[in-house]
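Encoded as structure tokens, the structure appears first; notes follow it.
Read-outs: derived from the displayed coordinates by stated rules, not from any lab. Since the structure is predicted, the reported quantities are computational estimates derived from the model, not experimental observations. Glycine also receives a Cβ, built like all others from the backbone with ideal geometry; neighbour counts cover every protein chain displayed.
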Amino acid sequence: MTYILLIETSTTNCSVALSKNDKVIALKEYNDSNYSHSELLHNYILEVITEAQIQLEDLSAVAISKGPGSYTGLRIGVSAAKGLCYALNIPLISINTLESLAHQTTIKDGFIVPVLDARRMEVYSAVFNQKYQMVEGVKAQVITPDSFNSLLSENTAYFLGSGANKIATVVNHQNAHFILDQLPSAKQMAKLAYQKYKIGNTEDVAYFEPFYLKDFMVTKPKA
């Protein structure tokens, strides 16, 4: 039996799940705009373990949402995941945050565009087809009325994630559909993590770093 602890902290949603093979059997999550991940994460880990009536030593692996996303959120999640992998001597699995987010919707035609809110009018985005295959890689882009024109001119696109609200206020196209108020969650990581576990697609715990996409910037407070 394969138990995988799933950790998602790339946005304001602090989300922890436990999967048995590729099925989620326990989930704890809370969306807090103040990023209370450091206070919640370790409690959530213990709570899903307790709910599933197993021990930490029963874990087969830990899967982490690797980004892109919040610098602080990613650091907290990755640090916790690494600590568990070191202590339990189990593998670390990383899941692309936008790929996981894409699995929150199912479409029959067109493309899925998961988008995460970044600074100002910027988002992190990627494009996936109906089979969740990435057809345009992860990038950071500033949103203008012409954004995604090449995609929307001939295709229907479904935007979801925290950046969808931002895009909806700027992009006005008949082929653009918006699934608002969705955030990455650990529950969508289960199948992706189990697939990687079965083929041994794991990370070097000592050297793994989150996928920040952009450098961390510190802004000075206003006087």
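Descriptive notes on the structure:
- Computed from label points 7 Å out along Cα-Cβ, the spacing between LYS198 and MET121 is 4.5 nm.
- Likely footprinting exposure, VAL138, VAL16, fewest C-beta neighbours within 10 Å first: VAL138, VAL16
- According to the Cα-based calculation, Rg over Rh for segment 18-150 is 1.01, with Rh computed by the Kirkwood formula.
- Taking 7 Å steps out from each Cα toward its Cβ at GLU136 and GLU57 produces label points 5.1 nm apart.
- Annotation: the residues ASP181, ASP204, sorted from fewest to most other C-beta atoms within 10 Å of their own C-beta, follow the order ASP204, ASP181.
- As a proxy for reagent exposure, ranking TYR212, TYR197 by other Cβ atoms within 10 Å from fewest up yields TYR212, TYR197.
- Size check on segment 105-179: the Cα extents along the three principal axes, sorted descending, read 32, 23, 20 Å.
- A Förster radius of 25 Å combined with the Cβ-Cβ distance from ASP109 to TYR212 puts the calculated FRET efficiency at roughly 0.15.
- log₁₀ of I(q)/I(0) at q = 0.11, 0.13, 0.17 Å⁻¹ - the chain, Debye sum with one point per alpha carbon: -0.53, -0.73, -1.16
- Size of segment 15-70 from its Cα atoms: along the principal axes, largest to smallest, the extents are 32, 21, 17 Å.
- Segment 100-161: trypsin sites (Lys or Arg not before Pro) in DSSP loop, at most 16 other beta carbons within 10 Å: LYS108, ARG119, ARG120, LYS131
- Exceedance of the 27 Å cut-off in Cα-Cα distance is limited, within the set LYS23/LYS166; LYS20/LYS166; LYS139/LYS191; LYS82/LYS108; LYS23/LYS108; LYS28/LYS108, to LYS23/LYS166; LYS20/LYS166; LYS82/LYS108; LYS28/LYS108.
- Once C-alpha pairs closer than 8 Å and six or more residues apart are averaged by separation and normalised to the residue number of segment 105-179, the relative contact order reads 32 percent.
- For the chain, averaging the sequence separation of C-alpha pairs within contact (under 8 Å, six or more residues apart) and dividing by the residue count gives a relative contact order of 23 percent.
- Amide hydrogen neighbours beyond the local backbone of PHE111, cut-off 5 Å, H modeled: THR156, ALA157, TYR158
- Rounded to 5, the percent of DSSP beta bridges in the chain classed as antiparallel: 60
- Restricting segment 118-216 to GluC sites (Glu not before Pro) in coil, as DSSP defines it, with at most 10 other Cβ within 10 Å: GLU154
- Within segment 105-179, antiparallel bridges make up roughly 55 percent of the DSSP beta bridges whose residues both belong there.
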